[in-house]
Amino acid sequence: MAQLITKSKKPSKQRKSLFQAPDHLRYKHFAAPLSQELRKSHGVRNLQLRRGDTVRVMRGDHKGFEGKIARVDRKNFRIYIEGLTREKVDGTTVFIPIHPSKVMITKLNLDDKWRKRILQRRKKPEEAPATITEEVKEKPAEEKAAEKKHVKRQPSKKAEEKVTKKVEKKAESEKKKKTTSRTRKKKEKTSEEELKSG
């Protein structure tokens with residue numbers, strides 16, 4: 001579902017903002033994914049539902065049912081599909097309400113010029129044409145292997161800096177070891193001399 005104005009962590013405030021949303025924000029909650037064919041042809045993943053669109057129910061008791069949208073109820077966040085009805089006890093037939101997130105659009109109603117403009121605006125740019133990739137010829141596997149053997153990776157500046165730091169640290173630690181061993185020997189000599197003289 002699309003996000004509304006509320007950025008609260010409280011579920012009560014989130015529900016309040018959803019159920020009291022103004023109409024210009026409410027329609028965003030009526031978005032449904034397009035089928036694979038429509039996705040390829042229009043370059044859009046999802047679109048707001050309209051009366052006249054053909055949709056397929058994707059989950060619930062009526063999964064797999066396909067039909068045209070007869071009515072969109074923005075107040076209750078529900079849509080009604082032609083043919084998806086039930087019979088009441090008194091014999092009258094009523095539409096079964098379906099939540100818009102449970103359907104997938106299989107055919108678009110493009111009677112409205114504004115909707116066509118929305119599709120044009122939202123269309124994703126196509127990837128690089130396939131003809132360019134076909135023109136580039138691949139080298140045989142033997143040549144690739146030979147190139148890999150001859151080409152050595154040059155280390156980056158960061159890698160070189162790390163290596164030099166490690167070398168410097170080792171040199172410093174070795175110096176410390178030498179100085180500590182020298183000072184120990186001097187201390188031992190002085191302590192031995194004091195014992196002899198004392």
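Across the stretch 54-66, rounded Karplus estimates of 3J(HN,Hα) from the backbone phi angles (6.51 cos²θ - 1.76 cosθ + 1.60, θ = phi - 60°) give 9, 10, 10, 6, 9, 8, x, 5, 9, 4, x, 6, 10 Hz, Gly and Pro being marked x.
If the chain linking residue 170 and residue 104 were pulled fully straight, counting 0.36 nm for each residue of separation and taking away their Cα-Cα distance, it would gain 17.3 nm.
What's the ranking of 12-19, 38-45 by average number of surrounding C-beta atoms within 10 Å, highest first?
Per-residue Cβ counts within 10 Å, averaged per peptide and sorted highest first, yield 38-45, 12-19.
Our summary gives the stretch 30-122 a relative contact order of 32 percent, counting only alpha carbon pairs under 8 angstrom and 6 or more residues apart. If the chain linking residue 58 and residue 40 were pulled fully straight, counting 0.36 nm for each residue of separation and taking away their Cα-Cα distance, it would gain 4.5 nm. Under 5 Å between amide hydrogens, built in the peptide plane, is the criterion, and for residue 73 it picks out 78, 79, 80 among residues at least 5 positions away or on other chains. Once Rh for the stretch 36-116 is found with the Kirkwood sum over Cα pairs, what is the Stokes-Einstein diffusion coefficient at 37 °C and 0.692 mPa s, in µm²/s? Calculated translational D: 242 µm²/s.
Readers should treat all values here as calculations from the given coordinates under stated rules, not as data from a laboratory. It should be emphasised that the depicted structure is a prediction, and the values quoted were computed from it without experimental measurement. Cβ: placed from backbone, ideal geometry, glycine included. Neighbour counts: every protein chain shown.
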